[in-house]
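Worksheet for the structure shown next.
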Amino acid sequence: MWEEQKMRQWLQQHLPAGRYAHCEGTAETAVALAARVGVDKYKAHLAGLLHDAAKSLSLAEMRHYAEGEPLLDTMLWNSRNLLHAPASSGLCRRLFAVDDEGILAAIRWHTTGRVGMTLLERIVFLADAMEPTRNYRGVEEIRKAAQDSIESGMLASYRETFCFLLESGQPIHPAGIVARNAILEELRPTKGEPLP
Ligand code: DGI
Ligand code: FE
Ligand code: FE
């Protein structure tokens with residue numbers, strides 16, 4: 001794997017300043033969440049720092065790096081918003097030579113989430129949504145919910161994202177829908193019992 005300093009330099013050269021600050025913020029917030037739930041802080045730091053590495057690449061460049069990453073359907077393949085997650089994972093694997101599959105998965109799934117997310121994946125998903133430089137509508141609700149648990153914070157984040165997508169007439173990726181359903185079920189007090 002590249003030295004962290006070299007990866008930071010690459011990020012600073014390939015991301016606008018605000019996006020780079022978001023990556024630093026995500027790393028910092030991920031470390032704080034990791035400390036709370038006993039996850040490796042260095043892995044949380046690195047996954048947070050690198051999660052949006054491919055964010056500013058063209059669609060063609062994203063496709064190049066995303067090739068070979070799991071679950072690449074037409075919707076993902078055609079959306080820079082969605083494709084940057086597997087592209088960032090592929091870029092970290094192939095360019096930075098990151099070989100920790102846990103870190104790569106946290107990067108891969110940071111936008112939609114997936115069913116059966118690891119704690120590290122959850123941490124990066126939530127840190128991405130609530131790190132200090134985020135200032136979109138609803139972010140305070142996410143920070144507040146995150147005080148209860150990582151999963152409550154994630155549900156609040158899904159609510160904001162899905163509302164935004166509905167209001168702006170955009171498709172919701174099915175991976176996000178089933179991932180949210182899975183977290184909802186985990187938090188249901190009568191988990192496992194029939195739904196109404
Ligand atoms: O990369 P970030 O801006 O830090 O945040 P992100 O990776 O969570 O999301 C990137 C963008 O993708 C954001 O504008 C919302 C959008 N997005 C998230 N889930 C979906 C989505 N877009 C579509 N079309 N469908 C989704 O399910
Ligand atoms: Fe992202
Ligand atoms: Fe991000």
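Scanning region 1-60 for residues that are among the hydrophobic types (A, V, I, L, M, F, W, C), within 16 Å of ligand 1 (Cβ to nearest atom), surrounded by 13 or more Cβ atoms within 10 Å (Cβ to Cβ) and more than 18 Å from the chain's Cα centre (by Cα) returns a single hit, Leu59.
Look at region 132-145 and say how many of its residues are in contact (Cβ under 8 Å) with a residue 40 or more places away in the chain and not charged (D, E, K, R). Result for region 132-145: 2.
Evaluated against (1) within 12 Å of ligand 1 (Cβ to nearest atom); (2) acidic (Asp, Glu); (3) closer than 23 Å to Leu187 by Cα, Glu140 falls short on exactly one condition, (1).
If Leu71 passes every condition in (1) part of a helix (DSSP H, G or I); (2) under 19 Å from Arg122 (Cβ atoms); (3) open to solvent by 60 Å² or more (accessible area, probe 1.4 Å) but one, which one does it miss? Going through the list (1) part of a helix (DSSP H, G or I); (2) under 19 Å from Arg122 (Cβ atoms); (3) open to solvent by 60 Å² or more (accessible area, probe 1.4 Å), Leu71 breaks only (1).
Residues that are away from ligand 3 (no atom under 16 Å from the Cβ) and closer than 17 Å to Val37 by Cβ within region 157-196 comprise Ile183, Glu186, Leu187, listed in sequence order. Go through (1) of a type in the set (Gly, Ala, Ser); (2) closer than 22 Å to Gly176 by Cβ; (3) in contact with a His (Cβ under 9 Å, 6 or more places away or on another chain) for Ala27 and report which single condition fails. The one condition Ala27 does not meet is (2). Against the definition (within 15 Å of ligand 2 (Cβ to nearest atom) and touching a residue at least 40 places away in the same chain (Cβ under 8 Å)), how does Leu76 come out, yes or no? Against the criterion (within 15 Å of ligand 2 (Cβ to nearest atom) and touching a residue at least 40 places away in the same chain (Cβ under 8 Å)), Leu76 qualifies.
Given the condition modelled with pLDDT of 95 or more and within 21 Å of Thr133 (Cβ to Cβ), answer yes or no: does some residue in region 60-75 qualify? No, region 60-75 has no match at all. Checked against the criterion of being more than 16 Å from ligand 2 (Cβ to nearest atom) and on the phi > 0 side of the Ramachandran plot, the candidates Gly102, Gly113, Gly68 yield just one match: Gly68.
Filtering region 105-150 to residues that are farther than 15 Å from Gly176 by Cβ, open to solvent by 10 Å² or more (accessible area, probe 1.4 Å) and of a type in the set (Asp, Glu) leaves Glu140, Glu141, Asp148.
The values are calculated or read from the model by the stated rules, or taken from the named source; none is laboratory data. Since this is a predicted model, take the numbers as computed values, not measurements. Neighbour counts are summed over all protein chains in view; Cβ atoms, including those assigned to glycine, are modelled from backbone coordinates with ideal geometry. Quick note on the areas: whole protein, heavy atoms, side chains included, nothing else; ligands and nucleic acids left out. Shrake-Rupley method; radii C 1.70, N 1.55, O 1.52, S 1.80 Å.
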